[in-house]
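To start, the structure under review is shown below, and the notes come after it.
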Amino acid sequence: MAALNQEILSRVAKPARYTGNEWNMIKKDHGQVKCRVALAFPDIYEVGQSNLGYRILYHILNKAADIVAERAYAPWVDMEEELRRHEVALTTLESGIPLKDMDIVGFNMQYEMSYTNILNMMDLGKIPIWAGERGQDDPLVIAGGPAVYNPEPLAEFIDFFIIGEAEEVFMEVARAFIRWKEEGKPGGRREILRRMAGLRGIYVPVFYDVIYNTDGTIAAIVPQNEDVSRRVHKRVIKDLDNIDYPTRPIVPFIEIVHDRIMLEIFRGCTRGCRFCQAGMIYRPVRERSVDKLKQLVQEMIDNTGYHEISLTSLSSSDYSCLRQLITILNETFAHQGVSISLPSLRIDSFSIKLAEEVQKVRKSGLTFAPEAGTQRMRNVINKGVTEENLAGAVKAAFEAGWSAVKLYFMIGLPTEGEEDVRGIADLAYKVLDIYSQVTRKRNVRLTISVSSFVPKPHTPFQWVGQNSIAQIEEKQKLLVGLLRDRRIAFNWHDAKLSYLEGVFARGDRRLSKVLHRAWELGCKFDGWSEHFHFDRWMQAFADNGLEPAFYTERERQPKEFLPWDHIGTGVTTDFLRREHDAALAGQFTADCRRGSCSACGVCPDLGVRVVDWGKEV
Amino acid sequence: MKLRMQFTKEEPVRYISHLDLARAFERALRRAKLPLAMSEGFNPHIKVAYASALSVGVTSECEYIDIELCGSMPGELAIAALREQMPVGLSIVRNQIMNENPAALMKVVNMADYTMEVPLSRQVDRMWFQDQVELFLAAPEIMFTRSSPKGNRTLNIRPLIQELRVIQWSTAQVKFALRVHITDKGSVKPLEVLSTLVQRHDVSLQEDKAIIHRTGLWVFRNNNTLSPLDVIK
């Protein structure tokens, strides 16, 4: 931040978080600029700078000569103290402009427990937190990202939301703003919001009324007039090969969470795991072609100097031309010292050859996500993976030389019983046994990471009750007892944090008062354990007469109007309900990419289709 | 072949750490597509070496790096390619192709020069101030405690201070020149010298607002101060 002086910077940890000047940073002369956008990420630099969505938007917006996009991150608590003490506003990295002086401030809704940081950044940026209190000269405060599919808890703070993929619509928003500004801002704030509501994929909450039943459930969310659509549908980019990709990403000085080239190989996933919101909201699958990817990689290596490529997607081992892609990448780039990494792999499409191809240059750890400990439970969640698949995959990995494996699981899934939780431990020990059989050694490092299931909107499980805190903690205790082995590292998530995540994931507009109160009480960086204050959150609920269990543990009725029913992902509620019922019956639904269409509704509804380069798997 | 370079760390990157700088340099080298020598084994990395780590918050006009290249590439071509890839705030000043295998920078560099600009919290008499500095330097022992995650270590930093003098004076601030030894048992940081001075003598310096700049890294031998670029062994 250019406005920061040396005195403040020398007093805080990792001052380079705030000073910018990174390779590929874009700094424009604002003389020609007609729309200034702050891309504000509600966490610290190291987390936000890794975010691919923001890299894409930074690149696309800055391509236009009359638009500038600059970055802002949540200052860490020590810097916040300095800013408040010296009465310095939160500014953008590139030009040191206070957030309140930007035209549009866009927040990323990456994670429900970052919402207090959104409020805090607005406050530090000197922007009125309640949307209703903003005036003519205040920026438009907008939000988008994965959690936007239930925007209601933030509806009273955000002027409008971008639903879906923002590459095209964000530009439309900027152009609409410029037009309004050049016309002299006729009609004030109300008018620009009205114009934005006319763009596809934009949800303006102030134009909708929420009507409640006496029991606290929602009767309806209705538009106030016919200008505004009853349901806002997400935007989808049809052809990823022909959309801009950031081949000149910023190269940070300090270490960030994902310090490598991120290559987005496809979007969407049609496996249909029933707990997974991403699988529902990013449909349909759209792949980039191998040729395009190879071209992108070369440009990114030349422009950054990174030597590691991460093949990013929801399920990278499902990329239809994966073997071909990896072979080509290795042939072209291995001698340049560039290595490839794959995030979590699906167990059933893994093989030794793939593993060896991927890690020709450098070996990293392997991660798999069985998600549940028994076959019955896996069928309920539609994760069509068997114990044979897992055994085969880890056997192949161990034979190829890996000795470190990480397995992801969830507890708190619907219909879960104690034997399903025990099943996690059983699988862990089976993996250890396989290692001993293959290598005759005991130096394996097995990490078991167990998160707590949070039911999400727009999934087949959006109606189910979430486990209580006590239920989760009991299951965690059981696992701690079962996984006592030196070869196993057992990680779990704070049950109270997951519980609150559940409240905001499926919450409604009334939660805005709770959120604001929690922030007033000092809640921020809730995702960081040293700053998470569950007692303050409980006080915020009590002060507003709301019960968290209403949002989490309560099972929703099939005909209940859910707080996100006015936001459209293209997937029909009928499909979700069918999948919900199939789950309870333990039935499996196949991937529509390679099997038959399961009629989720996305393709006809949104005029899109699956783009699968369909070569050998 | 080894390429030895002198480079600067300027204001735009004052707050990056030594590790950050090393990473940035490595990426610049890769972008420049120089024929870098790589180490063997599981995790190949490029072969570079530095003289002395520079702290966060300190700029410098004289940092040094040794880069090992395989194959031949004319020095001027390499430097030109690299210059185009250097981030804002890191500039290459001089370079030298080291034809024989030189001794490591870290082994031969044994002296560092700094300037420290420090504001005064109130008006002080100059003569009196300089007397305090003399008194500070007259002490045979100046003890300083360094804390680290592994625990605290107290050491005598006086022998590491070669020279400390006032080179500029105004009513609002003082500018010092500091010369310290770099030994294989460690060195002393400019801020450590300042904070012990402030601790022991009530000199009204606002040391947390000090602006520190490294002005020289030297190979001091036989009473000569040599540039690392000129030293093979």
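Those strands (runs of 3 or more DSSP E) of the stretch A:143-241 that lie entirely within it include none in which at least 3 residues are in contact with a helix residue (DSSP H, G or I) (Cβ under 6 Å, 6 or more places away or on another chain), open to solvent by less than 60 Å² (accessible area, probe 1.4 Å) and aliphatic (A, V, I, L, M).
Evaluating B:Val198 against the criteria (1) surrounded by 19 or more Cβ atoms within 10 Å (Cβ to Cβ); (2) assigned to a helix (DSSP H, G or I) leaves one unmet condition, (1). For the criterion of being open to solvent by less than 10 Å² (accessible area, probe 1.4 Å) and under 30 Å from A:Val210 (Cα atoms), A:Phe550 fails.
Determine if the stretch A:31-39 includes at least one residue that is open to solvent by 40 Å² or more (accessible area, probe 1.4 Å), under 22 Å from A:Ile142 (Cα atoms), in a loop (DSSP other than H, G, I, E, B) and not hydroxyl-bearing (Ser, Thr, Tyr). Among the residues of the stretch A:31-39, at least one is open to solvent by 40 Å² or more (accessible area, probe 1.4 Å), under 22 Å from A:Ile142 (Cα atoms), in a loop (DSSP other than H, G, I, E, B) and not hydroxyl-bearing (Ser, Thr, Tyr), which makes the answer yes. Each residue in the stretch B:90-107 was checked for being open to solvent by 10 Å² or more (accessible area, probe 1.4 Å) and either in a helix (DSSP H, G or I) or within 14 Å of another protein chain (Cβ to nearest Cβ) (or both), and 3 of them qualify.
Contact annotation: residue pairs with Cβ atoms under 9 Å, 6 or more positions apart or on different chains, pairing a residue in the stretch B:137-149 that is open to solvent by 90 Å² or more (accessible area, probe 1.4 Å) with a partner that is among the polar types (S, T, N, Q) and outside any loop (DSSP other than H, G, I, E, B), are B:Pro140/B:Asn156; B:Glu141/B:Asn156. Just one of the listed residues (B:Leu226, B:Leu191, B:Leu164, B:Leu155) is modelled with pLDDT of 90 or more and surrounded by 19 or more Cβ atoms within 10 Å (Cβ to Cβ), and it is B:Leu164.
Counting the residues of the stretch A:110-142 that are of a type in the set (Val, Ile, Thr), open to solvent by less than 10 Å² (accessible area, probe 1.4 Å) and assigned to a loop (DSSP other than H, G, I, E, B) gives 1. The set of residues in the stretch A:91-109 that are of a type outside the set (Gly, Ala, Ser) and buried (at least 21 other Cβ atoms within 10 Å of the Cβ) comprises A:Thr91, A:Thr92, A:Leu93, A:Glu94, A:Ile97, A:Leu99, A:Met102, A:Ile104, A:Val105, A:Phe107, A:Asn108, A:Met109. Within the stretch A:11-27, residues that are more than 8 Å from every other protein chain (Cβ to nearest Cβ) and closer than 21 Å to A:Leu57 by Cβ sit with their Cβ atoms under 8 Å from residues that are open to solvent by less than 40 Å² (accessible area, probe 1.4 Å) and among the small types (Gly, Ala, Ser), at 6+ positions apart or across chains, in these pairs: A:Ile26/A:Ala69; A:Lys27/A:Ser95. For the stretch B:22-77, a residue qualifies if it is within 20 Å of A:Glu22 (Cβ to Cβ), facing chain A (nearest Cβ under 8 Å) and not β-branched (Val, Ile, Thr), and the qualifying residues are B:Arg23, B:Ala24, B:Glu26, B:Arg27, B:Ala28, B:Leu29, B:Arg30, B:Arg31, B:Gly57. Among the residues in the stretch B:33-52, are any more than 24 Å from the chain's Cα centre (by Cα), in a helix (DSSP H, G or I) and not acidic (Asp, Glu)? Checking the stretch B:33-52: not a single residue is more than 24 Å from the chain's Cα centre (by Cα), in a helix (DSSP H, G or I) and not acidic (Asp, Glu). Of everything in the stretch A:40-68 that is part of a loop (DSSP other than H, G, I, E, B) and either more than 22 Å from A:Leu119 (Cβ to Cβ) or among the β-branched types (Val, Ile, Thr) (or both), the residue that is nearest to the chain's Cα centre (by Cα) is A:Ser50. Mind counting the residues in the stretch B:118-131 that are surrounded by fewer than 16 Cβ atoms within 10 Å (Cβ to Cβ) and in contact (Cβ under 8 Å) with a residue 12 or more places away in the chain? So the answer is 5. Looking only at residues in the stretch B:30-80 that are farther than 30 Å from A:Trp402 by Cα and among the β-branched types (Val, Ile, Thr), the one that is surrounded by the most Cβ atoms within 10 Å (Cβ to Cβ) is B:Ile67. Of the numbered criteria (1) in a helix (DSSP H, G or I); (2) in contact (Cβ under 8 Å) with a residue 40 or more places away in the chain; (3) open to solvent by 10 Å² or more (accessible area, probe 1.4 Å); (4) within 10 Å of chain A (Cβ to nearest Cβ), the one B:Leu19 fails is (2). One residue stands out in the stretch A:481-494 among those that are hydrophobic (A, V, I, L, M, F, W, C) and in contact with a strand residue (DSSP E or B) (Cβ under 6 Å, 6 or more places away or on another chain): the one that is surrounded by the fewest Cβ atoms within 10 Å (Cβ to Cβ), namely A:Ala489. Take the conditions (1) at pLDDT below 85; (2) within 14 Å of chain B (Cβ to nearest Cβ); A:Ile256 misses just one of them, which is (1). Collect the residues in the stretch A:1-30 that are open to solvent by less than 30 Å² (accessible area, probe 1.4 Å), in a loop (DSSP other than H, G, I, E, B) and over 15 Å from A:Ile250 (Cα atoms), keeping them in residue-number order. Listed by number, the residues that qualify are A:Met1, A:Leu4, A:Val12.
Residue pairs whose Cβ atoms lie under 6 Å apart, separated by 6 or more positions or on different chains, with the first residue in the stretch A:565-581 and within 16 Å of A:Cys597 (Cα to Cα) and the second crowded, with 22+ Cβ neighbours inside 10 Å, are A:Gly570/A:Val602; A:Val571/A:Met280; A:Val571/A:Cys600; A:Val571/A:Val602; A:Phe575/A:Cys600; A:Leu576/A:Pro460; A:Glu579/A:Arg274; A:Glu579/A:Pro460. Evaluated against (1) in contact with a strand residue (DSSP E or B) (Cβ under 6 Å, 6 or more places away or on another chain); (2) open to solvent by 40 Å² or more (accessible area, probe 1.4 Å), A:Arg509 falls short on exactly one condition, (2). Summed over the stretch B:1-16, the residues that are under 15 Å from B:Asp66 (Cα atoms), open to solvent by 20 Å² or more (accessible area, probe 1.4 Å) and at pLDDT 95 or above give a count of 1.
Which of the residues spanning the stretch A:69-91 are of a type in the set (D, E, K, R) and outside any helix (DSSP H, G or I)? Matches in the stretch A:69-91: A:Glu70, A:Arg71, A:Glu87. Among the residues of the stretch A:259-271, those that are away from every other protein chain (no Cβ under 13 Å) and not in a loop (DSSP other than H, G, I, E, B) comprise A:Met262, A:Leu263, A:Glu264, A:Phe266, A:Arg267. Scanning the stretch A:281-338 for residues that are open to solvent by 10 Å² or more (accessible area, probe 1.4 Å), assigned to a strand (DSSP E or B) and either out of contact with any Asp or Glu (no Cβ under 6 Å at 6 or more places or on another chain) or more than 18 Å from A:Pro249 (Cβ to Cβ) (or both) yields a count of 2.
The set of residues from the stretch A:167-207 being within 25 Å of A:Ile221 (Cα to Cα), in contact with a Lys or Arg (Cβ under 7 Å, 6 or more places away or on another chain) and in contact (Cβ under 8 Å) with a residue 60 or more places away in the chain comprises just one member, A:Val169.
The values are calculated or read from the model by the stated rules, or taken from the named source; none is laboratory data. For clarity, every value in this text was computed on a predicted model and none was experimentally measured. Using ideal geometry, Cβ is built from the backbone for each residue, glycine included, and neighbour counts are taken over all protein chains shown. Ligands, DNA and RNA are stripped out before the accessible areas are found, and what is left, the full protein with its side chains, is counted by its heavy atoms. Shrake-Rupley method; radii C 1.70, N 1.55, O 1.52, S 1.80 Å.
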